[in-house]
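Have a look at the structure below before the remarks.
Any read-out appearing in this document is the output of simple, stated calculations on the displayed coordinates, not a laboratory observation. Because the structure is predicted, anything quoted here is derived from the model rather than measured. Cβ atoms come from the backbone with ideal geometry, glycine included; neighbour counts cover every protein chain shown.
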Protein chains: 2
Amino acid sequence: MTVPGWTVQQAVDACARHGIRYIGLWREKVAERGVAASARATREAGVAVSSLCRGGFFPAGTAAERRRRIEDNRRAIEEARGLGTDTLVLVCGPAPDRDLDGARRVVAEAVAELVPYAAEHGVRLAIEPLHPMFAADRSVVNTLAQAAAIAERHPPDRVGVLVDAYHVWWDPAVDAEIARCGRRVFGFHISDWIVPLPDSLYGRGMMGDGVIELRRLRQAVDGAGFTGPIEVEIFNPHVA
Amino acid sequence: MTVPGWTVQQAVDACARHGIRYIGLWREKVAERGVAASARATREAGVAVSSLCRGGFFPAGTAAERRRRIEDNRRAIEEARGLGTDTLVLVCGPAPDRDLDGARRVVAEAVAELVPYAAEHGVRLAIEPLHPMFAADRSVVNTLAQAAAIAERHPPDRVGVLVDAYHVWWDPAVDAEIARCGRRVFGFHISDWIVPLPDSLYGRGMMGDGVIELRRLRQAVDGAGFTGPIEVEIFNPHVA
């Protein structure tokens, strides 16, 4: 989604051309071509899928809709397996009303329900806390502390967190929380926070152009034992 | 600043007309007419000044500039006294570089330096955490937990926090932190968070138009022992 105008084929070809050995794919793009064909294109380009974005969006106003979303997450787990990645990233979704606590409980319950199915498919769930400015419209999970508290109810190889620099850099507890997560750090996204911020959603900066202490965060995830590929995720029409 | 096009005179006259017995003033507006005249206008309208906004903006790139800002905060303390309010609201300011921890230390040191002067003037300091989306450009203090940690180094009647619903509503720890602050809750600002948010700075909503659980926050500050006036602070050109 850093290059949203490209197909999966174009993106993996560009990765191969530039010596980038991993790509994080998004379900929408995979759906355009299909899971099997996307997996083949990626494999043939010599690129591995580091993660699939995104499951989640669990809270909903009705039981039927919550059920539908759980089912959609089962499909996402299958797609992750089909693409050969072991990591499904969860953006947990907003509350359908003003009840933040209730929505947060729904998220924890949904994750718990998905863990066995994910395990059967060799997929682990990476809960991505989103910046608090997205608390109303994208995710009621807004800090690493919250994500870790949900993850810690499950085995450490099954549920963890995704650390996205753009979402967590401001948090006074960020170092301590990354250390707390330890091997539960399943992913690390980087971009930068430009000042002034052009747009909350599509105004992310190239690394080095903003104020985020990226080296410090890198050291924190390294210290936690993270050895996976680092994913560059920049939503910005001027970058793509 | 909810009615930024109005003078202090116009604002206090409107308060008097509508039976609003308190007004939170901003230094820029007070400066237009002067402290003594603003105090007189307010008093003659039968309106009391609930608080003065805003001191703060402590971190700076040089020692000389940090010193200048401390001096400016001494002026703000004097102005608060001159206006007859016991509360100066502090918006602590951004970091001059990428060193968030360093800037946070500067804030704590500056508050400590100001406490005796504020006490001499009968003014208490209310640290206002700003939403994490303002961490890069307005305040390195972004949670009630941070503000409380700074305040707790000082007597409870001298340094406390200002709870602004717009800034803290998303925080999973908001109830616990307000309870922790107890009598250190020196102020309570309300507005609402509209979805989608029209603008991070000037897109606040009228109470009830957004997703904030205002009643819950009101109960939390009541429970903490807060009995002061509730200040409506809506930055939105469509409201004024």
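Remarks
- Remark: mean inter-chain Cβ contacts per residue of A:100-112 equal 1, using a 10 Å Cβ-Cβ cutoff to other protein chain atoms.
- Alpha-carbon centroids, the range B:62-85 and the range A:2-40: separation in whole Å: 56
- The mean number of Cβ atoms from other chains found within 10 Å of a Cβ in peptide B:129-135 is 5, as a whole number.
- Look at the alpha carbon pairs under 8 Å that are at least 6 residues apart: their mean separation over the length of chain A gives a relative contact order of 16 percent.
- The antiparallel fraction among DSSP beta bridges confined to chain B stands at about 5%.
- At 7 Å out from Cα toward Cβ: A:ARG215 inter-copy label distances (nm, ascending): 5.2
- Prolate/oblate/rounded label for the protein assembly as shown (Cα gyration tensor, a/c 1.5): prolate
- The range B:211-239 and the range A:141-155: distance between their alpha carbon centers, rounded to Å: 29
- The relative contact order of the range A:117-240, computed from alpha carbon pairs under 8 Å that lie at least 6 residues apart in sequence, is 22 percent.
- In this assembly of identical copies, the label point of A:TRP6 (Cα plus 7 Å along Cα-to-Cβ) is separated from its counterparts by 5.5 nm, sorted shortest first.
- Peptide A:161-172 has a mean shielding of 3, counted as Cβ atoms of other protein chains within 10 Å of each residue's Cβ.
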